1. Return the total of residues in segment 396-416 being farther than 20 Å from Asn450 by Cβ and free of Cβ contacts under 8 Å to residues at least 40 places away in the same chain.
2. Is it true that some residue in segment 550-564 is in the same structural domain as Tyr527 (by TED's automatic domain parsing), touching a Gly at 6+ places or on another chain (Cβ under 8 Å), in a loop (DSSP other than H, G, I, E, B) and under 30 Å from Ala198 (Cα atoms)?
3. Looking at Leu413, Leu407 in this structure, which one is at pLDDT 95 or above and either under 21 Å from the mean Cα position of the chain (by Cα) or within 20 Å of Leu372 (Cβ to Cβ) (or both)?
4. Being in contact with a helix residue (DSSP H, G or I) (Cβ under 7 Å, 6 or more places away or on another chain), in a loop (DSSP other than H, G, I, E, B) and not aliphatic (A, V, I, L, M) is the filter; apply it to segment 589-602 and report the residue that is surrounded by the most Cβ atoms within 10 Å (Cβ to Cβ).
5. Hey, which of the helices (runs of 4 or more DSSP H) in segment 290-374, taking only ones fully inside, have at least 2 residues that are over 22 Å from the mean Cα position of the chain (by Cα)?
6. Restricting attention to segment 622-670, and to residues there that are on the phi > 0 side of the Ramachandran plot and under 23 Å from the mean Cα position of the chain (by Cα), which single residue is modelled with the lowest pLDDT?
7. Do we have Ala466 as at pLDDT 90 or above, in the same structural domain as Trp428 (by TED's automatic domain parsing), of a type in the set (A, V, I, L, M, F, W, C) and in contact with a helix residue (DSSP H, G or I) (Cβ under 7 Å, 6 or more places away or on another chain) here?
8. On the basis of being buried (at least 20 other Cβ atoms within 10 Å of the Cβ), part of a loop (DSSP other than H, G, I, E, B) and touching a residue at least 12 places away in the same chain (Cβ under 8 Å), does Asp579 make the cut?
Amino acid sequence: MFAIQEVTKRSFLPLYFGFMIFYYEMITTLFSGSENMRWGLLILFSLSAGLAVYFICRLLPKGGGLCAIIISFLLFLIYGAECIMRRTYGNFMDPFFAAGNGKNVASGFADMAWGAIVKGLPALIFLILPVIATGVLVHSKYAEIKEIPNKLKVYTCLIAILLSGGLGLLGKGLVKTHDKGIITDHEYYSSGFEFDAAVPRFGLLKAMGLSIRYELFGLPTGAFTVSPVSPPAVSPPEEETEEGNGAEIAEVSYGYNTKDIDFAAMASGTKDETLKAMHNYFGSVVPTQQNKYTGAFKGKNLIFISAEAFSSPVISEELTPTLYKMAHEGFEFTDYYQPVWGGSTSTGEYANLMGLFPGSPGIMQTAAEKALPFTIGAELMKQDYTSLAYHNGVAKYYKRHLSHTKLGYSKYLAFGNGLEKRMSDASWPASDLEMMQVTADDYIGSSPFNIYYMSVSGHALYSRNANRMSSKNWDKVKDLPYSDPVKAYIAANLELEYAVQYLVERCEQAGILDDTVFVISPDHYPYGLEVENKKGEDYIAELIGKKPANDFERDKTTLIIYNSEVSHLTVDRPVYSLDILPTLHNLFGIEYDSRLFTGRDIFCGEEDRVVIAADLSWISDKGVYLANKDKFTPKEGAEIEDGYVKRISQLVKNRVRFSKLIMKNNYFKVIGY
């Protein structure tokens, strides 16, 4: 009875800790611009965490007053750092990614971080207040956390931990009641867990706890829907053939992009429920058909560039004639997207090179520990291609020194393992042009070759003082009708134009331009411009000419797949970065199994062409579905059959879930590759 009276008397202490955590969550949510808040869940999980803090403090000698101050300060650091990350990179940082890359991020982008801290000062000021309040509270004569008898300590600790667990279970139960959207809250909480999506729904602390739990003990399997949801295979295409005095239509029978994999046998031969579901799912996917472009680039050289923060408005006939020619002659993609999945360049590279849906921001370095037999590098290396990778940035950043040699490149050269010794100036950001100039001799004359570049000249910050590429090329942009930051952004990206122009000239001189394919895709949109200018409009809106109505409008960009021998073809269907790898497999005549990729061959003529964003929003020929609003907007004139949105949403859900499971379960090795 005495224990209950003591807890009641001091009930404002656990309530205070709960309110403190909810306050941190609220400030982080409001200042980071997060959506999909579940305020009821945030309150419950905050109270649960607050009781846990109270429990820890009560266990310590002298009531744990110092501990309470330390915990409140640690929470300030955690929430403050995540606020800055969200404002700078557009996503919250998973704790495991932070542990592995936080030092690199902090040192590599110190200028951006300081800029974000300055802009985030209001949030940091609000976040520091609980630290001050806790210091006052624990020394208050009304709420002093002081030493109590051991027996009473046991009772109060027991009650606190039981209440904490009870509130946590209540919150978990309420999670199941919200069943709207492609992925329900329950799935985000369990089998469909995504750190960035979980934070606004359940709170940062709960999301971190779930992330740690799932990293250590594995993601819950959940229920799988493995019935075929892909559309029926398209009919064999027709081609015009010249005969006599006129053209006749001849039917061409194309095969399918598959390998001899018996998914049904593997499903029946395993007791692992996850692997069984995976085998059943991949066996149910309708493969893509080969087409008239199958093998069009067989035996040709490949130069693949992941272009740092590149975007379509940079391309113009006057400023970037080489890129303009590549983008508008040959294959021209008018509806191309590079979505952002968190992790900035890391996940953008993963999408470009893997053809799979990125999971956590550290997915590329995780993939380096798995079997990766189907990358374009691995496949072309089997054909005795000279395969090399370069980056004019830090070699170990995002642990590329581990991942890129696993992607099928015999050597990866960057700053810290040799490239800096070739460059005249390796200061940040380095010149893309000079990177090409000092590396081209490594492979020109060694055909066939497969070369990968990760560029860096277009990286934020965007000003003449902060970006030396902007300063170098300023005279080319000074008269453009933009603000200085947008001019600086374009100026920095001109270095990529000069780099590609140089490679084209070298290939022409060597007589191999017709035998060389150029692929250029951005890693992400220029988030370094996503700040407000003096007019209250962000520079992204100024760059693209309008304020993006949704992320798809922000992420719409340019893909280049160029070979001088290709006739012009306009591709006006929605395609995205995950489609690059299966498309290259088809173009280079590589035998592959299209069922294993999230992306699809761009030229296969598939009926349901769909682009999937990080939150499982999607865009198709017929319209746009925004997951955060659970709203589908059909395109003008589109005929939407009954059940279309539900069918495509299930297709999207399946592709994403099983794509993530490939890396998690080292699936390529499981099926014998």
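1. Let us first name the residues in segment 396-416 that are farther than 20 Å from Asn450 by Cβ, namely 396-399, 415-416.
Subset that is free of Cβ contacts under 8 Å to residues at least 40 places away in the same chain: 415-416.
Count: 2.
2. No: segment 550-564 contains no residue that is in the same structural domain as Tyr527 (by TED's automatic domain parsing), touching a Gly at 6+ places or on another chain (Cβ under 8 Å), in a loop (DSSP other than H, G, I, E, B) and under 30 Å from Ala198 (Cα atoms).
3. Details: Leu407 fails: at pLDDT 95 or above.
Among Leu413, Leu407, only Leu413 is at pLDDT 95 or above and either under 21 Å from the mean Cα position of the chain (by Cα) or within 20 Å of Leu372 (Cβ to Cβ) (or both).
4. Residues of segment 589-602 that are in contact with a helix residue (DSSP H, G or I) (Cβ under 7 Å, 6 or more places away or on another chain), as a first pass: 590, 592, 594-602.
Within this subset, residues satisfying the condition of being in a loop (DSSP other than H, G, I, E, B) are 590, 592, 597-602.
Keeping just the survivors that are not aliphatic (A, V, I, L, M) gives 592, 597-601.
Numbers: Tyr592: 24, Phe597: 26, Thr598: 24, Gly599: 24, Arg600: 25, Asp601: 28.
Going through the qualifying residues, I end up with Asp601.
5. Answer list for segment 290-374: 321-328.
6. We begin by selecting, within segment 622-670, every residue on the phi > 0 side of the Ramachandran plot; these are 623, 630, 637, 643, 666.
Keeping just the survivors that are under 23 Å from the mean Cα position of the chain (by Cα) gives 623, 630, 666.
Details: Gly623: 96, Asp630: 84, Asn666: 94.
Top of the filtered list is Asp630.
7. Working: at pLDDT 90 or above: no; in the same structural domain as Trp428 (by TED's automatic domain parsing): yes; of a type in the set (A, V, I, L, M, F, W, C): yes; in contact with a helix residue (DSSP H, G or I) (Cβ under 7 Å, 6 or more places away or on another chain): yes.
For Ala466, the condition - at pLDDT 90 or above, in the same structural domain as Trp428 (by TED's automatic domain parsing), of a type in the set (A, V, I, L, M, F, W, C) and in contact with a helix residue (DSSP H, G or I) (Cβ under 7 Å, 6 or more places away or on another chain) - is not met.
8. Working: buried (at least 20 other Cβ atoms within 10 Å of the Cβ): yes; part of a loop (DSSP other than H, G, I, E, B): no; touching a residue at least 12 places away in the same chain (Cβ under 8 Å): yes.
In short, no.
The values are calculated or read from the model by the stated rules, or taken from the named source; none is laboratory data. Because the structure is a prediction, the values reported are computed rather than measured. Using ideal geometry, Cβ is built from the backbone for each residue, glycine included, and neighbour counts are taken over all protein chains shown.
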